[in-house]
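Step one of this worksheet: look at the structure below.
The numbers here are math on the coordinates, done by the rules we state, and not lab data. Worth saying up front: this structure is predicted, and the values here are computed from it rather than measured. Note that we place each Cβ from the backbone using ideal geometry, even for glycine, and neighbour counts take in every protein chain shown.
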Amino acid sequence: MPRRWVAALACLVALVALACEGGGAAAPRPTRGTPSPGATGGIAALGDSITTGFGSCLVLASCQRNSWSTGDGLRVDSIYRRLLDDDTALRGKAHNHARPGARAASLAGQAEAAVRDRADLVTVLIGANDVCRGGVEAMTPVTEFRREIDRGLRVLRTGRPKARVLVVSIPDLYRLWEVGHTDERAVRVWRRGLCPALLANPTSDDPLDQARRANVRERIGAYNKQLAAACRAYGSRCRQDGGAVHRVRFTLDLVNPLDWFHPNAAGQDRLAEVTWRAWGLSG
């Protein structure tokens, strides 16, 4: 082969190699942010039926795969699933200790379980049952609510002092009454006794019923203030959502069609979105 053809061929091979090296490399997979939790002890969820995914699988039972916090199902882009995008060492290290009916008094016991898990990330969403366990007179007093929240957080701070904690505000249940009390399907279910402090006589405009609902609304606001204050007292390892969850404007499209109260999968996904942003784990 003539020398000039050999030289030309060599140049062509060099150009192809450069092209493959520069333009043919796979682009890095985009991430949603770097959580940098500092460890891989996993995530633990504390709270009530909302965090268990209750009613989100079209049965009136917990459905933890749809939990906004620790769910591993495909329908909800939970905090746990978002964390896995950046740290695969977290796989299988999601622990859900929330329980339907749990009130603030249950938080310490759940926190003890999170300590046993050696969790490095902990979410807390509790308080709806302190409102909903009966009539207005049965609601947990604000001072007692704060005392129980402090007790639960103290267990975390003592047992897992380096864990990062997210304390979530209670959803706006009054808003749910506003959008649902004119819907016959929701009213029919609510009349069976769901959250009577708020939802008893859901269509009534009697002044006493209006005052009762206003009382519930005020109590939730007071609880949320105490949740924020307890988180501040905890220290720099605790982040409060700044009322982000309470500001979610729930519609009937975001709750399940069985009790018209608990978030469906879409509602759980919405909770995951706002709490992820509020926690500041995304870059």
Residue of TYR174, TYR223, TYR80 that the Gaussian network model of the chain assigns the largest fluctuation, springs spanning Cα pairs under 10 Å: TYR174
Calculated from backbone phi, Karplus (6.51, -1.76, 1.60) coupling profile of the range 141-149 in Hz, x at Gly/Pro: x, 4, 5, 5, 4, 5, 4, 6, 5
Any chance you could run the full-extension gain for THR182 through GLU137? It's 0.36 nm times the residue separation minus the Cα-Cα distance, nm to one decimal. 13.6 nm
Output row, site LEU208, 7 Å Cα→C-beta label point, backbone N cut-off 18 Å, window the range 118-145, residues 134-139
In deg cm²/dmol, rounded to the nearest 500, the helical mean residue ellipticity at 222 nm of the chain, built from -39500 (n - 2.57) for every DSSP H run of length 4 or more, is -13500 deg cm²/dmol
DSSP beta bridges in the chain: the antiparallel percent, rounded to 5, is 5
Between THR158 and ARG91, the FRET efficiency computed from the C-beta separation at R0 = 22 Å comes out, to the nearest 0.05, as 0.20
For the range 166-232, calculate the relative contact order in percent as a whole number, restricting contacts to Cα pairs under 8 Å that are 6 or more residues apart. 40
Note, the range 185-196: 3J(HN,Hα) by Karplus (6.51, -1.76, 1.60, θ = phi - 60°), whole Hz, Gly/Pro = x, goes 5, 5, 4, 4, 6, 4, 5, 7, x, 6, 6, x
Per-residue HN-Hα couplings for the range 94-104, Karplus 6.51 cos²θ - 1.76 cosθ + 1.60 at θ = phi - 60°, whole Hz, x for Gly and Pro? 10, 10, 10, 9, 5, 9, x, x, 5, 10, 4
For the range 38-279, how big is Rg over Rh, using alpha carbon atoms and the Kirkwood form of Rh? 0.96
Convex hull over the alpha-carbon atoms of the range 135-267: what's its volume per residue in Å³? 117
Can you tell me, using C-alpha contacts under 8 Å and at least 6 residues apart, the relative contact order of the range 38-279 as a whole percent? 25
HIS95 long-range amide H proximity, modeled H, under 5 Å: ILE43, ALA44, ALA45
Could you work out how far the C-alpha centroid of the range 206-283 sits from that of the range 160-200, in angstrom? 9
